[in-house]
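Chemist: Below is the structure I would like to discuss, written out as structure tokens.
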Amino acid sequence: MDQSELTTENVLKRDIPWETYMSTKLITGTCLQLLRRYDKKPESYRATLIDDDGPAYIRVFVNILRDIQKEETVEYVLALIDEMLAANPKRARLFHDKSLASDDTYEPFLRSLWKSNWFIQQKSCKILSLIVSVRPTQNGIIANGESSQSKSKSTSIDDVLKGLVEWLCAQLKNPSHPSRGVPSSISCLSTLLKEPIVRSSFVQADGVKLLIPMISPASTQQSIQLLYETCLCVWLLSYYEPAVEYLATSRTLPRLVEVVKSSTKEKVVRVVVLTLKNLLSKGTFGPQMVELGLPQIVQSLKAQAWSDEDLLEALNQLEEGLKDNIKKMSSFDKYKQEVLLGHLDWSPMHKDPIFWRENISNFEENDFQILRVLITILDTSGDPRALAVACYDLSQFIQHHSSGRLIVNDLKAKERVMKLMNHENTEVTKNALLCIQRLFLGAKYASFLQA
């Protein structure tokens, strides 16, 4: 069987010649005795052995991984450990037993990450991630640096965490396995990013940008799980300021909003809402969320039947935070939000001369982005009110900007507005005519005709 398709169950069907390894002094007589008692025995019996003498078996497994290079044997021992931890993940604490203080229990797994064998890589990452995630606390706090226990080991916890991040980033860039490399890496990251040092190493390795493309609506069970764990990673990173700075300059926010708008999986919605709640008060995220239409999306989400109380509470907090942001936004921010969402109506600012005089230079932002959106609305909207308001706003820009006629002409608006002069709605035709008059005749003469 191709090693990239191996499973723990298939590997454990092998017969490993432990006696041969003892005769060549690669394992000791004590090691052989422990293996004979454990290997190929029923799960209930092995559980008793682990309960009675767990650290001794951990030492046996680690020593074999350290001293024996044969791939089939390395795969077998990793499968034994994987099976043991799958039955009871709390057994990972055995690797930190005081009796193993002089053993380097990290190094064999860390070294195995870089072998060319996918099964060995994947199992080593999974096991090592679990081992470091349950390491002992000091005064209730998990240490990131070397503890008194790890000082006697040649591989510090910092070395391990940085080594894991390096391998995980390498997998996200160029996965060893075409279908399992990325999901396995994201799954480990979603556990490891709880560690401050991992967040720091991950950001320094430019890993955040590798996550962003994976934030997109999912449909299959496998892709939903990958999306959930990716969003979980982003949520954990939202607590780390240098990561937030990167998130602010990428397309993370629009992607998160798109996911929360379209997802029906409660756990995905929950983790995205919690992430948005974290980001709301940071930098310019709040106004951006308003511009992306998040207030309306939150209202829609609140109307759905969710069972998770944390999600409902987070939605309420997000809604209140967004309301505060809307209150703080300037009149031009509100206008910009209205245009970007395509929800044009005769709100007071449209016909307020003071608004146009004070904000006319803001229309130059991002290469006249707002004007371009107004012109797009003329092409795409089926709402007569939106068409009328867009025509009126273009006429106001022409009137108040010193180069208004030239700019609007350069943006090819004239043809679009002229088409609307034959619209069935009188409000549309009236404002299309006003806009054309200002384009052709100038602001003062058009105002005279309108009067």
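Chemist: May I ask you to list pairs of residues, at least six apart or on different chains, whose Cβ atoms are under 6 Å apart, with the first in segment 270-290 being in contact (Cβ under 8 Å) with a residue 40 or more places away in the chain and the second being outside any helix (DSSP H, G or I) and among the acidic types (D, E)?
Modeler: Short answer, once both residue conditions are applied: R270/D308.
Chemist: Name the one entry in L80, L85, L128 that is touching a Lys or Arg at 6+ places or on another chain (Cβ under 6 Å) and closer than 30 Å to P175 by Cα. Working first, answer last.
Modeler: Values: L80 fails: touching a Lys or Arg at 6+ places or on another chain (Cβ under 6 Å); L128 fails: touching a Lys or Arg at 6+ places or on another chain (Cβ under 6 Å).
On inspection, the qualifying residue turns out to be L85.
Chemist: Given (1) surrounded by fewer than 14 Cβ atoms within 10 Å (Cβ to Cβ); (2) assigned to a helix (DSSP H, G or I), identify the lone condition not met by K25.
Modeler: (2)
Chemist: What number of residues in segment 71-101 are among the small types (G, A, S) and more than 34 Å from the chain's Cα centre (by Cα)? Break it down stepwise before answering.
Modeler: Residues of segment 71-101 among the small types (G, A, S): 79, 86-87, 92, 99, 101.
After this cut, where a residue has to be more than 34 Å from the chain's Cα centre (by Cα) as well, the list is 99, 101.
Going through segment 71-101 one residue at a time, the tally reaches 2.
Chemist: Which one of these is loosely packed, with under 13 Cβ neighbours inside 10 Å, over 25 Å from P178 (Cβ atoms) and modelled with pLDDT of 95 or more: D39, D53, D15?
Modeler: From the options D39, D53, D15, the qualifying one is D15.
Chemist: Could you list all residues from segment 350-374 that are closer than 15 Å to I407 by Cβ, open to solvent by less than 10 Å² (accessible area, probe 1.4 Å) and touching a residue at least 40 places away in the same chain (Cβ under 8 Å)?
Modeler: Matches in segment 350-374: W356, L371.
Chemist: When you check Y246 against the structure, is it farther than 17 Å from V290 by Cα and at pLDDT 95 or above, yes or no?
Modeler: Numbers: farther than 17 Å from V290 by Cα: yes; at pLDDT 95 or above: no.
The answer is no for Y246.
Chemist: Before we move on, is E19 assigned to a helix (DSSP H, G or I), over 43 Å from the mean Cα position of the chain (by Cα) and over 19 Å from C125 (Cβ atoms)? Step through it out loud before you land on a result.
Modeler: On the way: assigned to a helix (DSSP H, G or I): yes; over 43 Å from the mean Cα position of the chain (by Cα): yes; over 19 Å from C125 (Cβ atoms): yes.
Criteria met by E19.
Chemist: Let me ask another. If R111 satisfies all but one of (1) surrounded by fewer than 21 Cβ atoms within 10 Å (Cβ to Cβ); (2) farther than 25 Å from L49 by Cα; (3) in contact (Cβ under 8 Å) with a residue 60 or more places away in the chain, what's the number of the condition it fails?
Modeler: (3)
Chemist: So which residues in segment 26-47 are closer than 16 Å to I58 by Cβ and of a type in the set (A, V, I, L, M, F, W, C)?
Modeler: The answer is I27, C31, L34, L35, A47.
Yes/no matrix, rows are residues, columns are (1) more than 24 Å from V11 (Cβ to Cβ); (2) at pLDDT 95 or above; (3) part of a strand (DSSP E or B):
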{"position": "R66", "(1), (2), (3)": "no, yes, no"}
{"position": "T73", "(1), (2), (3)": "no, yes, no"}
{"position": "I81", "(1), (2), (3)": "no, yes, no"}
{"position": "M84", "(1), (2), (3)": "no, yes, no"}
{"position": "D104", "(1), (2), (3)": "yes, no, no"}
{"position": "I120", "(1), (2), (3)": "no, yes, no"}
{"position": "S147", "(1), (2), (3)": "yes, no, no"}
{"position": "L172", "(1), (2), (3)": "yes, yes, no"}
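Chemist: Right, V244: in contact with a Cys (Cβ under 9 Å, 6 or more places away or on another chain) and assigned to a helix (DSSP H, G or I) or not? Don't jump to the end; show me each part of the working.
Modeler: Working: in contact with a Cys (Cβ under 9 Å, 6 or more places away or on another chain): no; assigned to a helix (DSSP H, G or I): yes.
Considered against the rule, which asks whether it is in contact with a Cys (Cβ under 9 Å, 6 or more places away or on another chain) and assigned to a helix (DSSP H, G or I), V244 comes out as no.
Chemist: Please go through segment 248-275 and pick out each residue that is open to solvent by less than 40 Å² (accessible area, probe 1.4 Å) and either at positive phi or touching a Gly at 6+ places or on another chain (Cβ under 9 Å) (or both).
Modeler: V257
Chemist: Being over 17 Å from D82 (Cβ atoms) and either over 45 Å from the mean Cα position of the chain (by Cα) or part of a helix (DSSP H, G or I) (or both) is the filter here; which residues of segment 28-48 pass it?
Modeler: Initial filter on segment 28-48 (over 17 Å from D82 (Cβ atoms)): 28-34, 36-37, 42, 44-45, 48.
Hits for segment 28-48 are T28, G29, T30, C31, L32, Q33, L34, R36, R37, S44, Y45, T48.
Chemist: Another question, if that's okay. Would you check which residues across segment 247-261 are part of a helix (DSSP H, G or I) and charged (D, E, K, R) and list them? It would help to see each step written out before you state the result.
Modeler: The initial filter retains those residues of segment 247-261 that are part of a helix (DSSP H, G or I), namely 247-248, 252-261.
R255, E258, K261 - these are the residues of segment 247-261 that are part of a helix (DSSP H, G or I) and charged (D, E, K, R).
Chemist: If I filter segment 377-409 down to residues being polar (S, T, N, Q) and at pLDDT below 95, which single residue comes out as surrounded by the fewest Cβ atoms within 10 Å (Cβ to Cβ)? First the steps, then the outcome.
Modeler: Residues of segment 377-409 that are polar (S, T, N, Q), as a first pass: 380-381, 395-396, 399, 402-403, 409.
Still in the list and also at pLDDT below 95: 380-381, 399, 402-403, 409.
Numbers: T380: 10, S381: 15, Q399: 19, S402: 8, S403: 11, N409: 13.
Selected residue: S402.
Chemist: Pull up segment 276-295, narrow it to residues that are modelled with pLDDT of 90 or more and open to solvent by 10 Å² or more (accessible area, probe 1.4 Å), then point me to the one that is farthest from V234 (Cα to Cα). Please lay out each step first, then the result.
Modeler: Step one: of segment 276-295, the residues modelled with pLDDT of 90 or more are 276-282, 285-286, 289, 294-295.
Next cut, open to solvent by 10 Å² or more (accessible area, probe 1.4 Å) only: 277-278, 280-282, 295.
Numbers: K277: 12, N278: 11, L280: 14, S281: 16, K282: 15, P295: 21 Å.
Top of the filtered list is P295.
Chemist: Just to be sure, is L344 modelled with pLDDT under 95, aliphatic (A, V, I, L, M) and either within 21 Å of V290 (Cα to Cα) or surrounded by 14 or more Cβ atoms within 10 Å (Cβ to Cβ) (or both)? Walk me through how you get there before you give the answer.
Modeler: Values: modelled with pLDDT under 95: yes; aliphatic (A, V, I, L, M): yes; either within 21 Å of V290 (Cα to Cα) or surrounded by 14 or more Cβ atoms within 10 Å (Cβ to Cβ) (or both): yes.
Taking the combined requirement at face value, the residue satisfies it.
Chemist: Let me ask another. Under the condition of being free of Cβ contacts under 8 Å to residues at least 40 places away in the same chain and not acidic (D, E), which residue from segment 203-221 is most open to solvent (accessible area, probe 1.4 Å)?
Modeler: Looking only at segment 203-221, we keep the residues that are free of Cβ contacts under 8 Å to residues at least 40 places away in the same chain, and these are 204, 206, 211, 213-214, 219-221.
The next check asks that each one be not acidic (D, E); those that pass are 204, 211, 213-214, 219-221.
Working: Q204: 150, L211: 1, P213: 81, M214: 41, S219: 101, T220: 78, Q221: 118 Å².
Across segment 203-221, the extreme among qualifying residues is Q204.
Chemist: Could you check I224 against (1) assigned to a loop (DSSP other than H, G, I, E, B); (2) open to solvent by less than 50 Å² (accessible area, probe 1.4 Å) and say which number it fails?
Modeler: Against the list (1) assigned to a loop (DSSP other than H, G, I, E, B); (2) open to solvent by less than 50 Å² (accessible area, probe 1.4 Å), I224 comes up short only on (1).
Chemist: If the Cβ limit is 7 Å and pairs must be 6+ apart or interchain, which residue in segment 308-327 that is open to solvent by less than 100 Å² (accessible area, probe 1.4 Å) pairs with which residue that is acidic (D, E)?
Modeler: Between residues of segment 308-327 that are open to solvent by less than 100 Å² (accessible area, probe 1.4 Å) and residues that are acidic (D, E), the close pairs are D308/E266; L311/E266.
The values are calculated or read from the model by the stated rules, or taken from the named source; none is laboratory data. Quick caveat, the model's predicted, so the values are computed rather than measured. For neighbour counting, all protein chains shown are included, and Cβ atoms are generated from backbone atoms with ideal geometry for every residue, glycine included. These accessible areas exclude ligands, DNA and RNA; they are computed on the full protein's heavy atoms, side chains included. Shrake-Rupley method; radii C 1.70, N 1.55, O 1.52, S 1.80 Å.
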